[in-house]
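The values are calculated or read from the model by the stated rules, or taken from the named source; none is laboratory data. Quantities reported herein were computed from a predicted structural model and do not represent experimental measurements. So basically every Cβ, Gly included, is an ideal-geometry build from the backbone, and we count neighbours across all protein chains shown.
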Amino acid sequence: MNKIALIIIIFFLSISYASTNPNIQARTAILVDFHSDEVLFELEPDKQIYPASMTKIMTAIVAIDLIKKNKIFLDDKFVISENAWRLSQAGYSSMFIMINDQVSVENLLKGIIIASGNDACVALAEGIAGSEENFAQMMNEKAGEIGMSSTNFTNASGINDPDNVSTVRDIALMSKYLIKNYPDFYELFKEKYFTWDRTGGEPIKQGNRNPLLYKNVGVDGVKTGYLAVEKYSLASSMKKNDRRVIAVASGFETKNDRSRESLKLLNWAFRNTNTFEISKKNVTFFEIDTWLGKKNKINSTSKQDFYLTINKKDIRHLTVTLDYIGPLKAPISKGEKVANLIVKKKDNIIKNIPLYASEDLKKINFFRSLLTSLNYLIWGDV
């Protein structure tokens, strides 16, 4: 990202970019900038899908949230039920846990995130909530908290169920929540291999199902999916320098399509768009002119982070201006609104960011105030 640091920025070079929207061979897709939340591309993003193993992102989120709250711990061990074990014998992707094994939460998470084990999902769900049904309720509560309005979870693994549904828009929202709130645990999603030292057999080493991890292009998560009724799907995230984008797509006909088309989406974002940091929460940004105060400028800041993502072909039409009627008259209190930062593309305002005083400014005494006012009247400046 590029940090904007002047009052008026003239953007930038008149360079031509090929910015035609990508032609993606999927049934539904969305591409989102992580910082600005700008949707860079969409293809029927609210079309209902069966999320398949992308469901496991929420299974991990629920468990990680409990770990963060010290309600469960990574070294806690859950006893494996026959219900969980049967999934490892049914031809589904599995961690290959055995009945009555005692498996740590940490290993179950790795078995879910890296090996995509359906058996590990059931074991974790039962260990946390007593049953998979109860755990699904916890998943739906979390989905509601995140804002996933078109999602309903009925199980922890995403195994075929006509009522286990979502959209690529909701999956992108869930992926961002994971990355933003649990960056330390998100590191697990880029692990390429997991070895489970199983009971009664040789250790099993399995690779991460995400094919983009092996291309070493900056992709560090998040989760694949497959169901016969849905075909192939993938939630993926790519980071380059300090910029990140998230792509989610579903309905690919083949594994190769999933890999190729998802990478096409991610690369398109970096090739054709830029994200700019407009302002940072509680970080001094601009100095505002003042008068009748103990100093003639006051620092300002925004109350939240603001980012802007724009197509590179439109950058030359972008301007940023500081808007206020000044100089501002003291006294000024910390937190008082002092200006607006206006971002325009041509004549259209695309962001209007309020700025606030980051400090108190006291008024000078009467005699000095009188002298300052006279100077202003005579010379037009202070």
>> Just to be sure before I move on: is Glu133 surrounded by fewer than 21 Cβ atoms within 10 Å (Cβ to Cβ) and either in contact with a strand residue (DSSP E or B) (Cβ under 6 Å, 6 or more places away or on another chain) or within 21 Å of Met174 (Cβ to Cβ) (or both) in the structure I sent?
In response: yes
> So which residues in the range 61-81 are in contact with a Leu (Cβ under 8 Å, 6 or more places away or on another chain) and within 12 Å of Met138 (Cα to Cα), if there are any at all?
Replying inline: Ile61, Ala63
> Regarding Ile72, is this residue closer than 19 Å to Asp184 by Cα, out of contact with any strand residue (DSSP E or B) (no Cβ under 7 Å at 6 or more places or on another chain) and not in a loop (DSSP other than H, G, I, E, B)?
Replying inline: no
> From Ile315, Ile350, Ile310, Ile325, which residue is in a loop (DSSP other than H, G, I, E, B) and at pLDDT 80 or above?
Replying inline: Ile325
> Residues of the range 94-138 being in a loop (DSSP other than H, G, I, E, B), out of contact with any Phe, Trp or Tyr (no Cβ under 8 Å at 6 or more places or on another chain) and without any contact (Cβ under 8 Å) to a residue 40 or more places away in the chain, which ones?
Replying inline: Ser94, Asn100, Gly130, Ser131
> If you take the residues of the range 164-201 that are modelled with pLDDT of 95 or more and of a type in the set (S, T, N, Q), which of them is farthest from Glu38 (Cα to Cα)?
Replying inline: Thr195
> Restricting attention to the range 287-298, which residues are surrounded by 18 or more Cβ atoms within 10 Å (Cβ to Cβ) and within 10 Å of Ala357 (Cα to Cα)?
Replying inline: Ile288, Ile298
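Yes/no matrix, rows are residues, columns are (1) part of a strand (DSSP E or B); (2) closer than 17 Å to Ile298 by Cα; (3) at pLDDT 85 or above:
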residue	(1), (2), (3)
Val338	yes, yes, yes
Leu341	yes, yes, yes
Lys344	yes, no, yes
Phe367	no, no, no
Leu371	no, no, no
Ile378	no, no, no
> Which residue out of Asp289, Asp323 is over 34 Å from the mean Cα position of the chain (by Cα) and farther than 30 Å from Phe41 by Cβ?
Replying inline: Asp289
> Counting only residues that are buried (at least 17 other Cβ atoms within 10 Å of the Cβ) and among the acidic types (Asp, Glu), how many does the range 140-160 have?
Replying inline: 0
> For the range 231-262, which residues satisfy the criterion of being surrounded by fewer than 24 Cβ atoms within 10 Å (Cβ to Cβ) and within 18 Å of the chain's Cα centre (by Cα)?
Replying inline: Met238, Lys239, Lys240, Asn241, Asp242, Arg243, Arg244
> Pick from Leu87, Leu124: which is at negative phi and at pLDDT 95 or above?
Replying inline: Leu124
> For Glu44, all conditions in the list (1) in contact with a helix residue (DSSP H, G or I) (Cβ under 7 Å, 6 or more places away or on another chain); (2) modelled with pLDDT of 95 or more hold save one; what is the number of the exception?
Replying inline: (1)
>> Quick check on my filter: what residues within the range 309-329 are over 18 Å from Arg271 (Cβ atoms) and either among the hydrophobic types (A, V, I, L, M, F, W, C) or touching a residue at least 24 places away in the same chain (Cβ under 8 Å) (or both)?
In response: His317, Leu318, Thr319, Val320, Thr321, Leu322, Tyr324, Ile325, Gly326, Pro327, Leu328, Lys329
> Which condition number does Ser53 fail, the rest of (1) crowded, with 19+ Cβ neighbours inside 10 Å; (2) over 28 Å from the mean Cα position of the chain (by Cα) being met?
Replying inline: (2)
> How many residues are closer than 18 Å to Ile342 by Cβ, in contact (Cβ under 8 Å) with a residue 40 or more places away in the chain and not in a strand (DSSP E or B) when one looks only at the range 259-304?
Replying inline: 2
